[in-house]
Amino acid sequence: VSFIYEYLQGCECNMDFLQWTCHDVARWIESLGFPQYKACFTDNLITGRRLIYVNCIYLPRLGVTDFKDMQVISAHVRELLGIRETLWSRSIADPLRDSMGLFLEKKSRTGEQADSFIYEEFLDGMRQ
């Protein structure tokens, strides 16, 4: 049980990206070596909360169409968010995402409830 609380503390400290504006996200994309895609993220208003939806499925809709670039950006997003890649061989009985991914989907919404929602509260709800 103590390792869960250590993990939670680490998660809360590393969730600064949730406060990022679309310009912060664009600067991060540029820092990854993709300055050509800055406008794709600002024009589509991709904030830190919306990064959970940035993957190889949605990147072409944003204007990122080079497959290798899509793979690299998606991998960096997963690393930043602390989520695992959903495997194609996943059983349909399994959840669509790991617990952090599911939490970040809820957190991606705006409003007072989403703003005050924390990971520990989410995990408690999953256990019930």
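For segment 28-65, a residue qualifies if it is at pLDDT 95 or above, touching a Phe, Trp or Tyr at 6+ places or on another chain (Cβ under 9 Å) and surrounded by fewer than 16 Cβ atoms within 10 Å (Cβ to Cβ), and the qualifying residues are 30, 63. Is at least one residue of segment 10-26 surrounded by 13 or more Cβ atoms within 10 Å (Cβ to Cβ), within 19 Å of residue 125 (Cα to Cα) and either out of contact with any strand residue (DSSP E or B) (no Cβ under 8 Å at 6 or more places or on another chain) or at pLDDT 70 or above (or both)? Yes: segment 10-26 contains one or more residues that are surrounded by 13 or more Cβ atoms within 10 Å (Cβ to Cβ), within 19 Å of residue 125 (Cα to Cα) and either out of contact with any strand residue (DSSP E or B) (no Cβ under 8 Å at 6 or more places or on another chain) or at pLDDT 70 or above (or both). Restricting attention to segment 22-71, the residues that are touching a helix residue (DSSP H, G or I) at 6+ places or on another chain (Cβ under 7 Å) and outside any helix (DSSP H, G or I) total 11. Close Cβ contacts (under 8 Å, 6 or more residues apart or on different chains) running from residues in segment 36-58 that are farther than 19 Å from residue 15 by Cα to residues that are part of a loop (DSSP other than H, G, I, E, B) and not hydrophobic (A, V, I, L, M, F, W, C) comprise 37/63; 39/63; 40/63; 43/63; 44/63.
The values are calculated or read from the model by the stated rules, or taken from the named source; none is laboratory data. Everything numeric here is computed off the predicted structure, so don't read it as measured data. Because the Cβ atoms are built from the backbone with ideal geometry, glycine has one as well, and the counts that use them run over all protein chains shown.
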